[in-house]
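K.L.:
Dumping the structure here so I can ask a few things about it.
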Amino acid sequence: FGDWHAAEARMRSVLAIDPQHLPTLDALSYMHVAVGRAREGAVDRIAYAARDPLAANYQFKLVYAYWILGRIGDADRASDRAMRLWPKHPGVWISRLWTLAFTGRARLALAHVDDAGARPDFPPWMVDSLRVSMTALDSRRPADVVKAVEGLLGLITYAPSHSVNAIMILTGLG
């Protein structure tokens, strides 16, 4: 993190030896998205993800690649396939949640959270936070938004990793 040029140079040196090395292609694609080269990272991910169609980690990230490019129908198809193959994989499940929540389908995202039988074994506090947040995204009622904001801000005091979800949801709430 933060040493992007050197990291890219190291990845390029691996790819010079093995241009098809999927873990390195994956890392490079992720880095491109992280540094604002999202289109490049998404296009690259689409190009190589099909080479390992049974790797959940490549396939759920494919959902994000299509979403980044505005190809929501393709994102939904990739998500449907991943959900059929790995319905309780946390990355697969979350990628479905985010694409529903942030493409105007917050009500479906809430139903996704509420389907306990299809949900990964997340801790109750996480499920509660997602439910409150999806409710606020769907309803946009001021009281729901305040409850979601307060809950998300409270969670980030426990661990910095909670900031990623908070940033996405708070942005979605405006």
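The values are calculated or read from the model by the stated rules, or taken from the named source; none is laboratory data. Everything numeric in this text was worked out from a predicted model, so none of it was measured. Please note: Cβ atoms are built from the backbone with ideal geometry, for glycine as well, and neighbour counts cover all protein chains shown. Heavy atoms of the whole protein, side chains included, go into the accessibility calculation; ligands, DNA and RNA do not. Shrake-Rupley method; radii C 1.70, N 1.55, O 1.52, S 1.80 Å.
K.L.:
Tell me whether region 126-146 contains one or more residues that are within 20 Å of Ser29 (Cα to Cα), among the charged types (D, E, K, R) and modelled with pLDDT of 95 or more.
P.N.:
The answer is no; no qualifying residue exists.
K.L.:
Right, next: Does Gly41 satisfy the criteria of being in contact with a His (Cβ under 9 Å, 6 or more places away or on another chain) and small (Gly, Ala, Ser)?
P.N.:
yes
K.L.:
Scanning for something modelled with pLDDT of 95 or more and under 12 Å from the mean Cα position of the chain (by Cα), does region 38-46 turn up at least one residue?
P.N.:
No: zero hits.
K.L.:
Among the residues of region 79-94, count how many are over 15 Å from Trp67 (Cβ atoms) and either part of a loop (DSSP other than H, G, I, E, B) or β-branched (Val, Ile, Thr) (or both).
P.N.:
Residues meeting the conditions: 4.
K.L.:
What tally of residues in region 64-85 results from selecting those that are among the aliphatic types (A, V, I, L, M) and open to solvent by 50 Å² or more (accessible area, probe 1.4 Å)?
P.N.:
3
K.L.:
Hey, another quick one. Being closer than 26 Å to Arg141 by Cα, open to solvent by less than 30 Å² (accessible area, probe 1.4 Å) and among the aromatic types (Phe, Trp, Tyr) is true for just one of Trp125, Trp98. Which residue is that?
P.N.:
Every option except Trp98 fails the conditions.
K.L.:
So for region 53-61 (the condition being in contact with a helix residue (DSSP H, G or I) (Cβ under 6 Å, 6 or more places away or on another chain), open to solvent by 50 Å² or more (accessible area, probe 1.4 Å) and not in a helix (DSSP H, G or I)), does at least one residue qualify?
P.N.:
no
K.L.:
Let me ask something else about it. If only one of Ser13, Ser29 is polar (S, T, N, Q), open to solvent by 40 Å² or more (accessible area, probe 1.4 Å), part of a helix (DSSP H, G or I) and at negative phi, which one is it?
P.N.:
Answer to the check: Ser13.
K.L.:
Moving to a separate point now. Report whether or not Leu108 is open to solvent by less than 10 Å² (accessible area, probe 1.4 Å) and either touching a residue at least 40 places away in the same chain (Cβ under 8 Å) or not β-branched (Val, Ile, Thr) (or both).
P.N.:
When the stated conditions are applied, Leu108 does not pass them.
K.L.:
Sort out which residues of region 128-174 are in a loop (DSSP other than H, G, I, E, B) and open to solvent by 30 Å² or more (accessible area, probe 1.4 Å), and write them in order of number.
P.N.:
Those that are in a loop (DSSP other than H, G, I, E, B) and open to solvent by 30 Å² or more (accessible area, probe 1.4 Å): Arg140, Arg141, Thr157, Tyr158, Pro160, Ser161, Gly174.
K.L.:
Mind listing whichever residues of region 86-95 are in contact with a Lys or Arg (Cβ under 8 Å, 6 or more places away or on another chain) and open to solvent by 10 Å² or more (accessible area, probe 1.4 Å)?
P.N.:
Residues satisfying the conditions are Lys88, Gly91.
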